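Student: Okay, here's the structure, questions in a sec.
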Amino acid sequence: MLFNTYEPWKFAFSAESIDLYNLDNGESNDSNESKRWGIIGVPFDSTCSYHHGSRYGPIIIREASFGFEQYNSTFEKLLDGEFYDCGDLNVVHGNCRKTCDGLYDSVKELINFNIKPIIIGGEHSVSIGSIKALADLEENGDLSVVTIIHLDAHRDIIDTYIGEKDSHATIMRRVHDLNPKELIQIGIRSFSIEEKEFVEGQENITSFLAKDLFDDFELLLEKLESIEGKVYISIDMDVIDPAFAPSVGNPTPNGLHPVDVENIFGVLANNEAIDVIGFDLVEVASDKLGDITAVLAAKMIYDFLTLFA
């Protein structure tokens, strides 16, 4: 049994099948520097506070992925890396903690076979299942050697939201609890005064507000060029302006352009000092096949795989 998942259908260009227990190409059982990736969809949206529907994200993003050629013209590179689509997690609707615990177990199983996780949400709360599994691999059991790159319209770093510690609105606080080497937040344009004060009081959080990026995007690229060591990337689709990505949990005006994400990926791919150990893309909230937000999300995953698989 391949963890607690089922297969609605696969992301375009993924391997036709995977036999984990006979997977052996001479590599050590160490996910560091591995270029194998495994996709897990997490169709969960039970803590959403505005627009529900991200539980449908994994399936409509996969469907949209079949609109692309295997040759990626943006990066002039063929998508021919080794990656597998392991299907969707059997989530526990209404229970964020149990769902994230299930994802934690599934990601740990992937890592045991030298496969890095790509998570398709679902709401942003699910990221903690993947990130915590990766943190537990480290010597200190935390993220002290891992940089988290977080693209989002919102900080998502309040300690509790409507009395709950496990929520899409608290996800980066739970990540910060794991002591990241650095949390880099990109495209931020909506946050509470409590979140502002918390971030300003932390030495390991760097913020790039959307309004500042409009004036000087190069400052962000220079920062990304300087990163060293392990990196985890988490993308909430509402980081993109709703003119390009309207179908998200919490759309917020004056966001990034899709080309901005391409430029971020390009800089990270050229940074030989980093090892990207995990990736998630969340908060596509639509049940409509062909939705433009889902198409853009599929393009981002397609670009990521082209560069990092």
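Student: Mind listing whichever residues of the stretch 83-109 are over 18 Å from the mean Cα position of the chain (by Cα) and outside any helix (DSSP H, G or I)? Reasoning before the result, please.
Tutor: Here is the first cut: in the stretch 83-109, the residues over 18 Å from the mean Cα position of the chain (by Cα) are 90, 92-95, 97-98, 109.
Once the filter is applied, which keeps residues that are over 18 Å from the mean Cα position of the chain (by Cα) and outside any helix (DSSP H, G or I), the stretch 83-109 yields ASN90, VAL92, HIS93, GLY94, ASN95.
Student: Determine if the stretch 164-171 includes at least one residue that is in contact with a His (Cβ under 7 Å, 6 or more places away or on another chain), assigned to a loop (DSSP other than H, G, I, E, B) and on the phi < 0 side of the Ramachandran plot. Working first, answer last.
Tutor: Our first condition is that a residue be in contact with a His (Cβ under 7 Å, 6 or more places away or on another chain); within the stretch 164-171, this holds for 168, 171.
Restricting the remaining residues to those that are assigned to a loop (DSSP other than H, G, I, E, B) gives 168.
Applying the additional criterion that residues be on the phi < 0 side of the Ramachandran plot yields 168.
Within the stretch 164-171 (the criterion being in contact with a His (Cβ under 7 Å, 6 or more places away or on another chain), assigned to a loop (DSSP other than H, G, I, E, B) and on the phi < 0 side of the Ramachandran plot), the answer is yes, since at least one residue qualifies.
Student: So, in the stretch 165-179, how many residues would count as being under 19 Å from ILE277 (Cα atoms) and buried (at least 24 other Cβ atoms within 10 Å of the Cβ)?
Tutor: Counting residues in the stretch 165-179 that are under 19 Å from ILE277 (Cα atoms) and buried (at least 24 other Cβ atoms within 10 Å of the Cβ) gives 3.
Student: Whether any residue in the stretch 13-23 is of a type in the set (A, V, I, L, M), farther than 26 Å from VAL248 by Cβ and at pLDDT 95 or above is what I want to check. If you could, list the steps in order and put the result at the bottom.
Tutor: First, the residues of the stretch 13-23 that are of a type in the set (A, V, I, L, M): 15, 18, 20, 23.
Keeping just the survivors that are farther than 26 Å from VAL248 by Cβ gives 15, 18, 20, 23.
Checking the rest, the ones that are also at pLDDT 95 or above come to none.
Checked the stretch 13-23: no residue is of a type in the set (A, V, I, L, M), farther than 26 Å from VAL248 by Cβ and at pLDDT 95 or above.
Student: OK, next. If I filter the stretch 277-291 for residues that are touching an Asp or Glu at 6+ places or on another chain (Cβ under 9 Å), farther than 30 Å from TYR104 by Cβ and touching a residue at least 60 places away in the same chain (Cβ under 8 Å), do I get at least one hit?
Tutor: So far as the stretch 277-291 goes, yes, one or more of its residues are touching an Asp or Glu at 6+ places or on another chain (Cβ under 9 Å), farther than 30 Å from TYR104 by Cβ and touching a residue at least 60 places away in the same chain (Cβ under 8 Å).
Student: Between a first residue in the stretch 144-156 that is under 17 Å from PHE191 (Cβ atoms) and a second residue that is assigned to a loop (DSSP other than H, G, I, E, B) and of a type in the set (Phe, Trp, Tyr), which pairs have beta carbons less than 7 Å apart while being 6 or more apart in sequence or on different chains?
Tutor: Pairs found: HIS154/PHE191; ARG155/PHE191.
The values are calculated or read from the model by the stated rules, or taken from the named source; none is laboratory data. Just so it is clear, the model here is predicted, and its values are computed rather than measured. Quick reminder, even Gly has a Cβ in these numbers, built from the backbone with ideal geometry, and neighbours come from all protein chains shown.
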